Amino acid sequence: MHLGHGNQSFITEFVFRPFSSVPTTQQLLFVLFLLLYLTNVISNTSILWVVCTDHTLLSPMYFFLGSLSGLELCYTTVVVPQMLVSVWDVHTTIPVASCGAQMFFFVALGSADCFLLAVMAYDRYVAIRHPLRYALIMTRQLCRRLVVALLFLGGLLSLELTALVFALPFCSRQINHFLCDVPPVLRLACGDTRLHQTVLFSVGVAVLAIPFLLICFSYALITAAVLRIHSAEGRRRAFHTCSSHLTVVLLQYGCCGLVYLRPKADSTEDEDRQIALIYAFVTPLLNPLIYSLRNKDVKQALSRAVRRALAFQPQ
């Protein structure tokens, strides 16, 4: 597995640090993570399904909501299956190439997720500020191009970062995490990683800080537009429409910002791993719940979809 070469070792595979050394605890964690993952898959697939099949959910807002659920579905699937295998068998290893692939897709999909939340904020601004021209501005073609563009940008940033990380030699094979994220893998490197830390921080600013500032700017404009609405009911409906998206934004950017934008000296591996559990499991689960519970159209579409499914069941 290791071939000596000077003072360095050529590592061909990694192993994740177990959550516990007690087998019973590991088994309970496996069941818990499996249930959370299945709930994530079912809830996000349900949102994606109704958005694609229900004729009442044709507006750009629901197109972006379906895209968000699709990203969350892929995002968790990149991480959780390998994690479940490692939890079940603590001696399971992951080849360096597979670790690099996981890092690439994890960072790419996570970046696209953050960019999409910024696009959704702009969509809400156009809907509230220019309701009569909304359909002319946010066309289906523009929405598709925006989703393709944010996927491309996320992939480009991820490819650069992943290639930079895996050009380094590694001195240790145990990753103090449950996935091949950039910070824990960088900690295994033998050489000077100051350049890599700088690039990671720059990518974090591009993916988190800039979109978050754009979201804040959009909501400042949205607030100004809503306050000009004379009807109290109209203002209430406008704020209610935006509150779901704002809740998701605070969850996503808050957790990711703590991991990627916090100074290295102020962070610990255990804290990063605990925060990562939130954006790997909790945030993708809360997104569809928040939108389905707070959005009347989505609740009605889900109800119709369930009735249609039950109607086709053999008696």
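Convex hull volume of the Cα atoms in region 168-307, per residue, in Å³? Can you show the working numbers first?
On the way: hull volume 19.2 nm³, N = 140.
About 137 Å³ per residue, rounded to a whole number.
Run through region 115-161 and list the trypsin sites (Lys or Arg not before Pro) located in a DSSP loop whose Cβ has at most 12 other Cβ atoms within 10 Å. Can you show the working numbers first?
Working: sites: R124, R129, R133, R140, R144, R145; in loops: R133.
In loop regions of region 115-161 (DSSP not H, G, I, E or B), the sparsely surrounded trypsin sites (Lys or Arg not before Pro) are R133.
Of T139, T77, T24, which is the most mobile in a GNM of the chain whose springs link Cα atoms less than 10 angstrom apart?
T24
Take every Cα-Cα pair in the chain and report what % of them are more than 36 Å apart.
Details: 12448 of 49455 pairs.
More than 36 Å apart: 25 percent of the Cα pairs in the chain.
Please give the per residue accessible area of region 133-283, computed with a probe of 1.4 Å over protein heavy atoms only, in Å².
Details: 7570 Å² over 151 residues.
Per residue, region 133-283 has 50 Å² of solvent-accessible surface.
Given an 8 Å cut-off on Cα distances and at least 6 residues of separation, report the relative contact order of region 2-111 as a percent.
Details: 87 pairs, mean separation 40.5, N = 110.
Here the relative contact order equals 37 percent.
For region 1-120, what does the alpha-carbon gyration tensor say about shape, rounded, prolate or oblate, given a ≥ b ≥ c as the root eigenvalues, a/c under 1.5 as rounded, and a/b over b/c as prolate? Mind dumping the intermediate values first?
Values: a/c = 3.93, a/b = 1.77, b/c = 2.22.
Verdict is oblate for region 1-120.
Quick one, could you list the DSSP H helices from the chain stretching 24 Å or more along their long axis (Cα atoms) with average Kyte-Doolittle hydropathy of 0.0 or above? Before the final figure, lay out each step's value.
Numbers: long enough: 23-53 (44 Å, 1.34); 60-88 (41 Å, 1.16); 96-129 (49 Å, 1.20); 140-165 (38 Å, 1.41); 210-227 (26 Å, 2.33); 232-260 (40 Å, 0.28).
Taking the DSSP H segments of the chain (at least 24 Å long, mean hydropathy at least 0.0), we get 23-53, 60-88, 96-129, 140-165, 210-227, 232-260.
In terms of modelled amide H atoms, which long-range or inter-chain residues lie less than 5 Å from the amide H of F170?
Long-range HN contacts for F170: I11, C190.
Let me understand region 90-152 better: what is its radius of gyration from the alpha carbons, and its Dmax, in angstrom?
Reported Rg and Dmax, both Å: 17.8, 60.
Calculated from DSSP H runs of 4 or more alone, at -39500 (n - 2.57) each and per residue, what is the 222 nm mean residue ellipticity of the chain, nearest 500?
Working: 12 runs with 224 residues, N = 315.
The helix contribution divided over the chain gives -24000 deg cm²/dmol.
The values are calculated or read from the model by the stated rules, or taken from the named source; none is laboratory data. No experiment lies behind these values; they were computed from the predicted model shown. Here Cβ is always computed from backbone atoms with ideal geometry, including for glycine, and neighbour counts include all displayed protein chains. Note: areas computed on protein heavy atoms with side chains; ligands, DNA, RNA excluded. Shrake-Rupley method; radii C 1.70, N 1.55, O 1.52, S 1.80 Å.
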